[in-house]
Amino acid sequence: MNITILGGGSWGTALAVHLAKNNHPIKVWEFFESQAREMQEKRSCPLLPDVVIPGNVFISSKMEEVVPNSELLFIVVPSDKVESTLEAAKNLIRHQPLIICSKGLAGNLRLLSDAVKEKVGGTAYCLYGPTHAEEIGQGLFSGIVLAGGNKTERKKLQEVIQSDTLKVDLSDDIIGVQVCAALKNILAVFVGVCDGLNLGDNAKAYIITKGLDEIKQVGLKWGAKEETFHGLAGIGDVIVTCMSKHSRNRHVGEQVGKGRSLDDVLTEMKMIAEGVTTAKYIPLLKERFHLQLPLMTGLYDILFNSKKPQQVLHEW
């Protein structure tokens, strides 16, 4: 199957490497021309220096070189770039299935699947779970969840994606997997704050437990199914994002917990911390769904209102 991946960052590259090993011809669109050229020539991604890009992966910064003749599209750009990326590609897209791998929310507090349908039509899917790019790129065992479409369509795509080292669960809850994927990054930032303050494992367990309950509250109000929060796309992704050394969201929180300003931390990072982007929606989530969300609100105050983490924790 001819596969196109929109987004040549760490996760887009890891997916390309994985799918190429399944013997699919892969084309990757990378926004920055110089980086696309370097990846194509050197067969490596600057964000995954230990991963070799196979020969059946082609990388370009030109949409017209990667999108035509594609039978399956993955979109793996930062969540706030999904709509603009699809706007640039929409005249080349021919209603083939589109799998969203970006983790976040679209403008005006919309699900990314809704934004995709508005832009390009066709069937939208989501592929989410506890899958750090660093480990997928190296072929380490992982599991992920595919949601969207009908059962027959999901099974066909499962066969394309799955391998001995990447197991693909199927879900009919496209709302729930997106809520989990977006909001678990917020928890990871808060867990990082605890690490920066050296508060220990008990505090992190508290944040994860209370935070997952808040994620579920939002998801159920949005129309999600409760079982999703107990699966790979829910608690599974929460665990890996909150606890892993690879988690950029946890890293941001850790630096803020140590007393650094959020702007300084984000400026030095080479990758996007989606938890910060999504955290900006917390007041809108509370207003729309009439929820209190004290943990998320506390993180919002730490990140954007200069409130001291210790004060937030002591006020609960």
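Values in this text are rule-based calculations from the coordinates and carry no lab data. None of the values given here were measured: they were computed from a predicted structure. Please note: Cβ atoms are built from the backbone with ideal geometry, for glycine as well, and neighbour counts cover all protein chains shown.
What you get for the chain, charging only the Cβ of Lys and Arg (+1) and of Asp and Glu (-1), is a dipole of about 220 debye around the Cα centre.
Return the percentage of antiparallel bridges among DSSP beta bridges fully within the chain, rounded to the nearest 5 %. Bridges in the chain are about 20 percent antiparallel.
Can you pull out the trypsin sites (Lys or Arg not before Pro) in segment 6-46 that DSSP calls coil and that have at most 15 other Cβ atoms within 10 Å?
43
Once the Cα atoms are used to define both axes, helix 151-161 deviates from the longest principal axis of the chain by about 80 degrees. Stretching residue 315 away from residue 56 to a fully extended chain increases their span by 87.7 nm, per 0.36 nm per residue minus the current alpha-carbon distance. Sites listed here are chymotrypsin sites (Phe, Trp or Tyr not before Pro) in segment 124-156 whose DSSP assignment is loop and whose Cβ has at most 13 other Cβ atoms within 10 Å: 141.
If R0 is 25 Å, what FRET efficiency do you get for residue 268 and residue 198 from their C-beta distance, rounded to 0.05?
0.70
For the modelled label position 7 Å from the Cα of residue 289 along Cα-to-Cβ, which residues of segment 189-221 have backbone nitrogen atoms closer than 20 Å? Residues passing the 20 Å test: 189-191, 206-221.
Projecting the Cα atoms of 157, 102, 26 onto the charge dipole of segment 3-172 (Cβ charges, centred on the Cα centre) puts 157 farthest toward the positive pole. Cβ-to-Cβ counts within 10 Å put 190, 229 in ascending order as 229, 190, the fewest first. Qualifying trypsin sites (Lys or Arg not before Pro) in segment 249-316, where qualification requires a DSSP coil assignment and no more than 14 other C-beta atoms within 10 Å, comprise 258, 260, 270, 280. Stretching residue 260 away from residue 225 to a fully extended chain increases their span by 8.8 nm, per 0.36 nm per residue minus the current alpha-carbon distance. Relative contact order for the chain: 14 percent, from Cα pairs under 8 Å spaced at least 6 residues apart, divided by residue count. Compared with the direct C-alpha span, the chain from residue 23 to residue 110 gains 27.8 nm at full extension, assuming 0.36 nm per residue.
Cα-Cα over 23 Å: which of 27/184; 225/280; 156/184; 204/245; 21/225? Pairs exceeding the cut-off: 27/184; 225/280; 156/184; 21/225.
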